[in-house]
């Protein structure tokens, strides 16, 4: 009896030991088989570029997408009539889908015509939506009508495009919108029809006509040379009506917002807003189907600006594009893990996060540590402009308050020390802005000093008294003046930055509350005029001062037309100057007008100019053909990677530090062994 | 006149709390049972009790505010704002940006500080003194724990004792309410409540209370069920003693030890919950949770900024550890049933 | 038996109805639809815009049945929730059900291994602590537990990312990939954090359970018979403690579907937890409402299942 028992216990014990050993082996295998490589292995020889995104764009519809996040995708998926030369600076337009640059023809009545001829035999990317044109069809030829259709979509009030204003220079653009809205209002059957039929029934836009299948004529009411820049952006890309009709979000089909159908060098093959997206070459792209055309933008350029050759940017001259087999972009919400993954070699490019600036940079150059890693630095003042705006429609800070509000805005402007802000938060990477016009754009003057952008606490206090808020006390309540600051940056870091502003204003005795919402809701608030003080920024669409000064043009008022004049600033004198400056050639007259506009802005303070960013982009040594465009324009088709070098470096940089595991294991054994011994002893 | 300023209210509440606390202490001294329990508690957890006491004192010093008395020449919002003793100790300590503990120059860039060598725990990115912010966090933490318990425990007692004592329809209702609330995921309900009521200290406390009273309600209901069958309660009822009086004289005193235990054990959980809420962006302004959340990126700075998260983390950890230690002892001293398990 | 099952099920349904009513009160009656629209659109949004928004999101009807029997939000709320027609997100107009379906997988792939691993680590540890009760090991263990419980989970996450991810380079700092080959390495760090942060309270709980069991009569009897202490712990105590442990586990199962709010968002796991966080940050009431409902539903289901299985095993339960 007793023997049997002991044997039984032993058997059980052995089984237990075996299970234990198996578990330990399994755990060890798990630990050993793991690495910190976040990607599955690539196919041999496959060229993949790795990137990251923070938050998925709200919409990929080229008619509404207007932020850098969306352009990172739409710029690669959609092709346009014209595009920018990759290397030449200042930026230069060249034909893309068009056979040649259009000639500009002025008509006797002041109208202007641009005639575009599309290349023959261009195809859209393969897509299921083309079944609408016939069973089994996966694609079809791109026609001039597809561009006209997209321009009509820009006019369609239901689409809600943010760029109605520049395109309304096209003859009949606004009439078309009005007629469309009226027909929809009066005729329910009409409103239920597919949009392309609606557009056709209303008769299309007069000034976007297609005399033949491959010719598009754009007629402008009056000269507006900037229209060519707009035609180089995805807003005017050809869009197939099939895609709009098919991707309506019903019956399990995605919405067109999330499912682009274009003719660009890449197609979006995976799009998971929560986790990742993937771009792969579009085999219907004319560069791949017709390499013999040697069309501009389908082969690597063989000329650039001086210095490009030395920088190795011309090594690939003449080679057909694209070089990459895949662009893999992962969602990485938090900036620090993202940057750490860059340092581990898992993202190919990155900005410099502020936390690591002192590690990455030494003076004006990369630190020795970074240089040893083969990381390269691209530095450029980007054509952008960041500012804090006041909602001029607001009763307290806006124009209704008249002189009082102006003084208040002036005072608030005088206490914000941008230099200090840049130093604390951006490691000095930026240029305090004196006016909206950034360096590199006509009208920027290096020695211009805005009288209200110099820190002067005394003067600000005096202005507060003149404004009727002595010491920041609002006479109506007897308490500190309360304002609301709307911010879309809800991160801890963003809130801290916002607090920098509110602290500055506290010096004047003003109590500014922060109301933080996310980006989309912030946009929603802007649309509805529910804000007092906000922060915003603008990145140039094209290299012209008009693209910055229009941010405070009355016609662009958010409350008036839904435009990006979030400050809702409207000043008759300013607007007159703006219209005159807009179509004028660069020259002394134009400069004088820009100067006067700056004066008005300085005095009226619809916004507090903060800074122009300096872009410090880091690239690993294996990434080739990187040249900052300034404008938000992805250039994946030019990019190349040295896959072997990357694999080697990644391996080298990511050897795990294993000794702590051994120490842990040792400690575990040291604790376990006495325990097991006690157990054994007892059992005997 | 639109009522009193918030700070006057806060002063009044503080005074009321102190008076209430003193009265309670007097009561405890008067009762043999409670006196012995507290002596035992003191014997077991001297250090932890002292630590909790220190936090309490700091919070009190930060609770009584008054206007004025600011040195001449102070500008900005300060002269018009009610300030507490703690505020006044750190009146003019703001720097431009980071300073390491006791440093003479700024951490990045090395500019001279306005007040070199005075920042015991350094300053944060906006140049605020970290010691100051950590001290201010004590009041917030105690407020969250205390106020929430003050809301939750009476509710739980009302429903729990009522349901247990009277039974019948009321009991059915309470039981149904409890099971309903208990089946809703706590953290989500908490977040939903805060989103619905808006952000702010009071709504965070109310939300924590609404999600936190269920457990104690269940406990007090079960305990009351037992108590009402006890001989002397039955006897009192037979003698015609009024029901409220029975509850007041016989039921509640027998629940008192459970109240104390629940209060102490709940407290640390509440403060930790707030840290999570802070991270979600719906916490209480000025809490340690917010400091931790704001400082976590700083660990990746190079050179590393550790004092911010270190101070907030230590302050939070110290309070929770002390309260947990006291809580364990309170349970052991007051609830003999769990003692048996340890035999 | 049938009567018991029916009664239990009916009570479960009643609780779900109660939850839905509370949700209605919370999200419709206390927060008027106007407020939801305002939160989404801003304080000074013009009334027309609010109206359009309310129409699009189905908030534009009377609240209570006595206002309009055929068309009111209360009935609508019940009908939609019970038929799993959750509608559109208040924040970005995407269908909520689709997002829940997409998030369930990543959440489960985190929470299920986490539960198993926690058990595998916590039970042996607490057995050891209970085995050495009343010695310095026990006291140390309890102290360490309290210590571990006093550290905020946030600190564990930050610490692990910094130490294991950045300095030691064992696993990716964050990220997710659902393919079987990649999943383990992404899960490693979240699992470590999850197990360690829960260890304190787990060990304390199981220790109490074990101690309670070990003071029972049959254990004393076994001890009196001279059985070795380790055999008592493994053979008698652990076996009998299985019931409370299993109850705890069964009750935890429904919540596995909900994911983990903190861990998912910090490690970039696109599950239901991080979806909830996104909803909070975007003031997305409809998503949050749905998540609370689903969580409650799962909990009720779990409880009914537990009770029914008790009822099957132990006939006395049915007559309670």
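The values are calculated or read from the model by the stated rules, or taken from the named source; none is laboratory data. Treat the numbers as computed from the prediction; the structure is a model and nothing was measured. Positions of Cβ are backbone-derived with ideal geometry, glycine not excepted, and every protein chain shown enters the neighbour counts.
Condition first: at pLDDT 85 or above and either assigned to a helix (DSSP H, G or I) or out of contact with any strand residue (DSSP E or B) (no Cβ under 7 Å at 6 or more places or on another chain) (or both). Now tell me which residues in region A:556-576 satisfy that. Passing the criteria: A:569, A:571, A:572, A:573, A:574, A:575, A:576. Among the conditions (1) touching a helix residue (DSSP H, G or I) at 6+ places or on another chain (Cβ under 6 Å); (2) closer than 30 Å to residue A:526 by Cβ; (3) away from chain B (no Cβ under 14 Å), residue A:353 misses just one, which is (3).
Within region A:322-336, the set of residues being surrounded by 23 or more Cβ atoms within 10 Å (Cβ to Cβ) and either more than 19 Å from the chain's Cα centre (by Cα) or in a strand (DSSP E or B) (or both) comprises A:322, A:327, A:330, A:336.
Of all residues in region A:645-677, those satisfying the criterion of being without any contact (Cβ under 8 Å) to a residue 24 or more places away in the chain and not in a helix (DSSP H, G or I) are A:655, A:657, A:658.
Give the residue, chosen from B:193, B:181, B:202, that is under 18 Å from residue C:18 (Cα atoms) and under 21 Å from the mean Cα position of the chain (by Cα). Can you show your working first?
Details: B:181 fails: under 21 Å from the mean Cα position of the chain (by Cα); B:202 fails: under 18 Å from residue C:18 (Cα atoms).
Going through B:193, B:181, B:202 in turn, the sole match is B:193.
Of the helices (runs of 4 or more DSSP H) lying entirely inside region C:1-92, those containing at least 1 residues that are at pLDDT 80 or above span C:2-24, C:73-82.
Filtered by the rule that a residue be more than 9 Å from chain B (Cβ to nearest Cβ) and out of contact with any helix residue (DSSP H, G or I) (no Cβ under 6 Å at 6 or more places or on another chain), region C:144-160 gives a lone residue, C:144.
Residue B:224 passes every criterion in (1) at pLDDT 85 or above; (2) under 23 Å from residue B:206 (Cα atoms) apart from (2). Residues that are modelled with pLDDT of 85 or more and within 11 Å of chain C (Cβ to nearest Cβ) were ranked within region A:496-533; the one that is surrounded by the fewest Cβ atoms within 10 Å (Cβ to Cβ) is A:532. Only one of the listed residues (C:272, C:312, C:301) is more than 9 Å from chain B (Cβ to nearest Cβ), modelled with pLDDT of 85 or more and more than 30 Å from residue A:55 (Cβ to Cβ). That residue is C:301. Of all the criteria given as (1) surrounded by fewer than 19 Cβ atoms within 10 Å (Cβ to Cβ); (2) at pLDDT 80 or above, the one not satisfied by residue C:223 is (2). Restricted to strands (runs of 3 or more DSSP E) entirely inside region A:63-165, those with at least 2 residues that are over 20 Å from residue A:246 (Cβ atoms), modelled with pLDDT under 90 and assigned by TED's automatic domain parsing to the domain that holds residue A:53 are A:103-106. One residue alone among B:110, B:162 is free of Cβ contacts under 8 Å to residues at least 40 places away in the same chain, more than 23 Å from the chain's Cα centre (by Cα) and more than 30 Å from residue B:269 (Cα to Cα), and that residue is B:110. The conditions of being more than 14 Å from every other protein chain (Cβ to nearest Cβ), within 22 Å of residue A:438 (Cβ to Cβ), surrounded by 21 or more Cβ atoms within 10 Å (Cβ to Cβ) and free of Cβ contacts under 8 Å to residues at least 60 places away in the same chain are not met by residue A:547.
Taking the numbered list (1) surrounded by fewer than 21 Cβ atoms within 10 Å (Cβ to Cβ); (2) in a loop (DSSP other than H, G, I, E, B) in turn, residue A:232 passes all entries but (1).
The single condition among (1) at pLDDT below 85; (2) within 23 Å of residue C:140 (Cα to Cα); (3) touching a helix residue (DSSP H, G or I) at 6+ places or on another chain (Cβ under 6 Å) that residue B:340 does not meet is (3). Remark: pairs (first residue in region B:187-200, assigned by TED's automatic domain parsing to the domain that holds residue B:144 and surrounded by fewer than 19 Cβ atoms within 10 Å (Cβ to Cβ); second residue modelled with pLDDT of 80 or more and assigned to a loop (DSSP other than H, G, I, E, B); Cβ separation under 8 Å; 6+ apart in sequence or on different chains) = B:200/B:284. Residues satisfying the criterion are absent from region A:389-405 (criterion: part of a strand (DSSP E or B), closer than 30 Å to residue A:587 by Cβ and in contact (Cβ under 8 Å) with a residue 12 or more places away in the chain). Of the residues making up region A:476-495, those that are farther than 17 Å from residue B:282 by Cα and within 13 Å of chain B (Cβ to nearest Cβ) are A:476, A:477, A:478, A:479, A:480, A:481, A:482, A:483.
If you go through region C:237-253 and pick out every residue that is free of Cβ contacts under 8 Å to residues at least 60 places away in the same chain and either within 14 Å of chain A (Cβ to nearest Cβ) or in contact with a strand residue (DSSP E or B) (Cβ under 8 Å, 6 or more places away or on another chain) (or both), you end up with 1.
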